[in-house]
Amino acid sequence: MAVWSDRAAAVSGVRVTVHVPEMAVAARIPDLRLAHPMVQPLPGGRVLVAGARCDWRPERNAIVYDAEGEAVAEQTFGDGIGHVQATGSGEIWVGCFERSGPVRFSADLTEEWRYPWSAQMAWGYVPDCYALNVDGDTAWACFYPDWPIVRIRAGGVTGWHNEIRSATALAIRGSRIALYGGYGPDRDRLVAGVLDGDRLRATGEYRLVLPDGQEVPREARVFGRGADLHVVTRDDWFRLSLEDLPG
């Protein structure tokens with residue numbers, strides 16, 4: 001899903017499009033007021049638009065629009081949103097650095113689930129959710145500062161210790177996993193591994209490049225959904241599957 005706008009930080013008109021793979025206009029929003037928007041499709045032709053920053057006043061930085069572009073629900077997701085992913089049933093997962101772990105909202109933006117204290121005791125405090133992946137009704141996350149791989153399914157939390165630091169995206173299928181990103185020279189690092197016992201065991205390390213061999217642009221957005229990593233540049237959208245990596 002994509003958004004085109006005339007201005008990023010002021011009131012502007014936008015079109016929201018869905019690519020499956022053909023492009024279709026999902027909604028025309030005449031007065032979008034959210035800066036640095038992230039967009040997710042919801043059931044019934046609705047779309048969620050969330051602004052990355054919020055000063056925690058009565059400001060709403062998450063808005064659901066219907067197919068006609070009318071706002072039908074608003075909520076405050078919080079500041080520093082790095083990830084927003086919605087499921088096919090309309091559950092919305094949010095990861096940011098102002099909440100203690102991932103939070104799940106309903107399609108009408110009611111908070112339904114928050115990362116529990118018991119999980120923080122087991123896997124560490126979560127000041128910053130670095131990576132989020134939603135696969136069906138299961139959410140996966142990796143967060144600063146201890147970098148565990150955490151699975152959230154049916155409200156329960158399971159974790160694996162992880163020595164790969166600062167990954168910003170992950171792809172997962174079964175016990176196979178790939179972590180992308182890192183600090184400084186590791187920004188394009190791709191580590192493949194398996195969840196083995198109570199920890200991630202790395203099986204290979206690579207550098208992710210574009211199909212023509214060029215490096216991934218620094219401004220590209222890289223995120224995981226299920227077994228796939230998606231790389232969105234200014235002009236193109238690429239997909240890398242776990243199946244494309246050595247076993």
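The values are calculated or read from the model by the stated rules, or taken from the named source; none is laboratory data. As the structure is a computational prediction, the values presented were derived from the model and not from experiment. Reconstructed Cβ throughout: ideal geometry from the backbone, glycine too, with neighbour counts over all protein chains shown. The accessibility values were calculated without ligands, DNA or RNA, using every heavy atom of the protein model including side chains. Shrake-Rupley method; radii C 1.70, N 1.55, O 1.52, S 1.80 Å.
Consider the range 163-175 and keep the residues that are of a type in the set (S, T, N, Q) and within 13 Å of residue 131 (Cα to Cα). The one that is most open to solvent (accessible area, probe 1.4 Å) is 168. Within the set 27, 2, 52, the sole residue that is of a type outside the set (Lys, Arg), under 21 Å from the mean Cα position of the chain (by Cα) and modelled with pLDDT of 75 or more turns out to be 52.
Among the residues of the range 87-128, those identified as crowded, with 22+ Cβ neighbours inside 10 Å and out of contact with any helix residue (DSSP H, G or I) (no Cβ under 8 Å at 6 or more places or on another chain) are 92, 93, 94, 95, 96, 102, 105, 115, 123.
Look at residue 173 and say whether it is free of Cβ contacts under 8 Å to residues at least 24 places away in the same chain and either closer than 29 Å to residue 116 by Cβ or among the aliphatic types (A, V, I, L, M) (or both).
Details: free of Cβ contacts under 8 Å to residues at least 24 places away in the same chain: no; either closer than 29 Å to residue 116 by Cβ or among the aliphatic types (A, V, I, L, M) (or both): yes.
Against the criterion (free of Cβ contacts under 8 Å to residues at least 24 places away in the same chain and either closer than 29 Å to residue 116 by Cβ or among the aliphatic types (A, V, I, L, M) (or both)), residue 173 does not qualify.
Going by what's in this entry, would residue 134 be described as out of contact with any Pro (no Cβ under 8 Å at 6 or more places or on another chain), open to solvent by less than 80 Å² (accessible area, probe 1.4 Å) and closer than 18 Å to residue 83 by Cβ?
Working: out of contact with any Pro (no Cβ under 8 Å at 6 or more places or on another chain): yes; open to solvent by less than 80 Å² (accessible area, probe 1.4 Å): yes; closer than 18 Å to residue 83 by Cβ: yes.
Answer is yes for this residue.
Whenever a residue of the range 194-205 is outside any strand (DSSP E or B), its partners that are not hydroxyl-bearing (Ser, Thr, Tyr), lying with C-beta atoms within less than 7 angstrom and at least six residues away or across chains, give the pairs 198/160; 198/161. Residues of the range 140-158 that are assigned to a strand (DSSP E or B), at pLDDT 95 or above and open to solvent by less than 10 Å² (accessible area, probe 1.4 Å): 141, 142, 149, 150, 152.
Which one is nearest to residue 127 (Cα to Cα), of the residues in the range 41-79 that are open to solvent by 30 Å² or more (accessible area, probe 1.4 Å) and in a strand (DSSP E or B)? Out of the qualifying residues, it is 75.
Tally time: how many residues in the range 206-235 are free of Cβ contacts under 8 Å to residues at least 24 places away in the same chain, more than 17 Å from the chain's Cα centre (by Cα) and open to solvent by 60 Å² or more (accessible area, probe 1.4 Å)? Talk me through it step by step, then tell me what you get.
The first filter runs over the range 206-235 and keeps only residues free of Cβ contacts under 8 Å to residues at least 24 places away in the same chain, leaving 207, 209, 212-214, 217, 219-221, 230-235.
Subset that is more than 17 Å from the chain's Cα centre (by Cα): 207, 209, 212-214, 217, 234-235.
Filter once more, keeping what is open to solvent by 60 Å² or more (accessible area, probe 1.4 Å): 207, 209, 212, 214, 234-235.
Residues flagged as free of Cβ contacts under 8 Å to residues at least 24 places away in the same chain, more than 17 Å from the chain's Cα centre (by Cα) and open to solvent by 60 Å² or more (accessible area, probe 1.4 Å) within the range 206-235 amount to 6.
Selection over the range 176-193 of residues that are in contact (Cβ under 8 Å) with a residue 12 or more places away in the chain and open to solvent by 60 Å² or more (accessible area, probe 1.4 Å) gives a count of 2.
Residue check: is residue 173 in contact with a helix residue (DSSP H, G or I) (Cβ under 8 Å, 6 or more places away or on another chain) and either closer than 18 Å to residue 103 by Cα or modelled with pLDDT of 95 or more (or both)? Yes.
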